[in-house]
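Values quoted throughout were computed directly from the atomic coordinates according to the rules given, and no laboratory measurement underlies them. Not measured: the values here are computed from a predicted model. Quick reminder, even Gly has a Cβ in these numbers, built from the backbone with ideal geometry, and neighbours come from all protein chains shown.
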Amino acid sequence: MVTASAGTALVVITQTDPITVIFTLPSNQLAPVLKRIRAGEQLMVDALDSDSKQRSRVGRLTTVDNQIDQTTGTLKLRAVYSNHDGRCFQRVVKRSS
């Protein structure tokens with residue numbers, strides 16, 4: 001039996017449709033985004049294919065984090081995308097040091 005209050009995680013259940021994507025934005029590009037959000041606009045976010053050459057789907061911006069990462073000068077944003085075909089999945093990128 002798996003419960004939400006278990007001390008040790010046995011599994012991670014991820015919703016895949018719709019799917020959310022967290023990405024970063026340089027803090028110096030935040031002002032125009034916030035201006036449009038405050039004006040009541042629904043901002044659309046393009047997701048690119050694995051080669052970053054073609055748009056694979058369009059989602060909508062749902063969340064802007066309120067903390068800037070001081071080491072990178074970026075903040076996190078979240079977008080939600082329809083994923084009825086199951087082709088969009090989370091990719092974990094490990095950077096070598």
Subject >> Environment charge of VAL45, counting only residues whose C-beta is closer than 15 Å and scoring Lys/Arg +1, Asp/Glu -1 >> reply: +2
Subject >> Karplus-derived HN-Hα couplings along region 17-25 (A = 6.51, B = -1.76, C = 1.60, θ = phi - 60°), whole Hz, x at Gly and Pro >> reply: 8, x, 10, 10, 10, 9, 9, 10, 9
Subject >> Overall Cα dimensions of region 19-81 - principal axes, largest extent first, Å >> reply: 31, 29, 19
Original post:
LEU43's amide H: which non-local residues (gap 5+, or another chain) put their own amide H closer than 5 Å, with H modeled 1.01 Å from N in plane and none for Pro or chain starts?
Top reply: LEU61
